[in-house]
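Encoded as structure tokens, the structure appears first; notes follow it.
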Amino acid sequence: MLPTKAFRYRHRNAVVNQTLASMIRGRKFDKAVQGGVSERYPWTADQVSEILRSVPTFFFLPSSAIGRQTNTTRHRSPLKQRNLREEFDKLRKGSLVLGPGGRRDPARIDFGVGKAVEFFKWVESDCVGFKHDESTVKEMALVLVKGNKISELWEFLKERSGGRDGAVSTMTVTCLMKCLGEEGLVNEAARLFYGMKRFHCKPDVYAYNTIIYALCRVGFFNKAKSLLQQMELPGFRIPPDTFTYTILISSICKYSMQTGCRKATRRRMWEANHLFRLMIFKGIAPDIVTYNALIDACCKTNRIERALELFEDMNQRGCTPTRVTYDSLIRYYCVVNEIESAIKMLRRMQEMNHGTPSTSSYTPIIHALCEVGNVVEALGFVVELLQGGSIPREYSYKLVCNALHSQGKAYLLDEETRAKIEDGIITRYRKKRMVKPVMNCMATTKIAKTAVEKSAPSLRRQALTVTAAAAGRIRRLLEQRQRPYLRLGVKARGCNGLSYTLNYADDKGKFDELVEDNGVKILVDPKALMHVIGTTMDFVDDKLRSEFIFINPNSKGQCGCGESFMTTSSTRAAK
């Protein structure tokens, strides 16, 4: 009677676990290691591949990372090409090694690679009826790549590509190039790409896209563009596709934000837009990733007109925007204090059903509203985010609580909403604590439950202080004109850049800051708030003058006539 499928699955897992245990203990491979594997149920390619796939997890990862990271195949993108000889010298001297090769034990890696090679040879020579195929050869080559055994990798590929079985294919070499790029060995990946002919393989479009992406990750854009130019040659058998251009455009946009130089950033953005126009000219339709990369880069470089042009173009071409597209525009509008436009983008995403707004969509709006003092509307967005099934970030929660306490409106946050937010923050911390060891030492329960108490004592600085003389003069002026408010603002004029403006007002604007001092009400324009916060307003009446004066701690300079001033914020804006 043949065993059932479920029994075979458990039987395979038991064999894999037993073989891995023998590897870790350093035992020799013999028939006793095979366990339940027999001539009736011989080794399969899936079992061998699974064993080889598990070797990097048990032998290559540092001990501090085992059991902490759920996805052991994830790699942070290296910033530059690795030098294995330099890393080996540092390890020998006991120096610190950073990057993909950091915190590894070389002796343990050598032991793991040795056991994997021994098992690979043993299962082919001593096990009846088994022969390596493309999948097992690929997994063995990946073990050599992740162990940084480059010389052994070349010998292994030459050996396995010489036979008639064709165990080394284009797909295998492409997978190895991807892994080499993740390990920071981009020059080795390029060498493997240009040497595919030695392994009886021909590169396809996926191989080109893989090596272009690996070159872009470490900033080798000239080499990547030379490969693109080769693919664009007339009659070339592998023309570029959407992914080829998307990889280059997204990588250039990402790299331009890291240069730290405005001229270099503008040049990179020009290159990205030029590739986009060239892509459309050749009849290749851009996808959502292409649009998202360009729109995000344009928003970060204050080119909102170009970003909106791309946004409308993708709608005309039938490419549906996603939440990532809207988040880029929302972040830009919140940074430049155009909160109304940011809210319109959020509502448009909801109306058009182009994605579900998440924490990253609401957070910029909440922060911007708190900055201009509109705490009630910020609290409304927090409640809306909570009703949508998401939990606000702890900093956003603290910011709203701070603003509510400073304005004396803490009663607006009811206990039920407070309990939901704090319980959600506790749950999120507990989940992250399982994969981030640094969070084990944090009292996560106290952090969430005392968020309001920690932030409550720090009251916000008053925007404007009105002296008794100024208050008396303002009171007389408002009574003469029969107006309830006096509005204070700033305008870009005068010798030093900014000057104060005073006007009568009938109603309080949506984002105006209301200051009540000495019995008078003054509205501070939201655009002027960052320039006048902490200012003292006084009135002088003598033989030479009769006017309001402002004692501004933010002022970094004044003109000789005293009518204009300059602050740090205005200086940065001018630059």
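The values are calculated or read from the model by the stated rules, or taken from the named source; none is laboratory data. What you are looking at is a predicted structure, and each value in this text was computed from that prediction instead of being measured. Ideal geometry is used to build each Cβ from the backbone, glycine not excepted, and the neighbour counts take in all protein chains shown. All accessible areas refer to the heavy atoms of the entire protein, side chains included, with ligands and DNA or RNA removed. Shrake-Rupley method; radii C 1.70, N 1.55, O 1.52, S 1.80 Å.
Values as computed for the structure displayed
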{"item": "Condition check for L84: modelled with pLDDT of 75 or more and open to solvent by less than 60 Å² (accessible area, probe 1.4 Å)", "result": "yes"}
{"item": "Enumeration of residues in the stretch 234-249 that are modelled with pLDDT of 90 or more, open to solvent by 40 Å² or more (accessible area, probe 1.4 Å) and either assigned to a helix (DSSP H, G or I) or over 11 Å from V205 (Cβ atoms) (or both)", "result": "F243"}
{"item": "Total residues in the stretch 250-286, condition basic (K, R), surrounded by 14 or more Cβ atoms within 10 Å (Cβ to Cβ) and at pLDDT 90 or above", "result": "0"}
{"item": "Some residue of the stretch 397-406 being in a helix (DSSP H, G or I), open to solvent by 20 Å² or more (accessible area, probe 1.4 Å) and free of Cβ contacts under 8 Å to residues at least 12 places away in the same chain", "result": "no"}
{"item": "Complete set of residues in the stretch 91-109 that are open to solvent by 80 Å² or more (accessible area, probe 1.4 Å), without any contact (Cβ under 8 Å) to a residue 24 or more places away in the chain and either among the charged types (D, E, K, R) or under 21 Å from R25 (Cβ atoms) (or both)", "result": "R92, K93"}
{"item": "Residue check, K115 part of a helix (DSSP H, G or I) and open to solvent by 60 Å² or more (accessible area, probe 1.4 Å)", "result": "no"}
{"item": "Hits in the stretch 46-61 (condition: open to solvent by less than 30 Å² (accessible area, probe 1.4 Å) and at pLDDT below 85)", "result": "F60"}
{"item": "In the stretch 347-394, the residues that are more than 20 Å from the chain's Cα centre (by Cα), among the hydrophobic types (A, V, I, L, M, F, W, C) and open to solvent by less than 20 Å² (accessible area, probe 1.4 Å)", "result": "M349, A368, L369, C370, V372, V375, A378, L379, F381, V382, L385"}
{"item": "Count - residues of the stretch 214-233 that are open to solvent by less than 20 Å² (accessible area, probe 1.4 Å) and part of a helix (DSSP H, G or I)", "result": "8"}
{"item": "Residues located in the stretch 1-29, provided they are at pLDDT 70 or above and either outside any helix (DSSP H, G or I) or open to solvent by less than 30 Å² (accessible area, probe 1.4 Å) (or both)", "result": "V15, V16, T19, L20, S22, M23, G26, R27, K28, F29"}
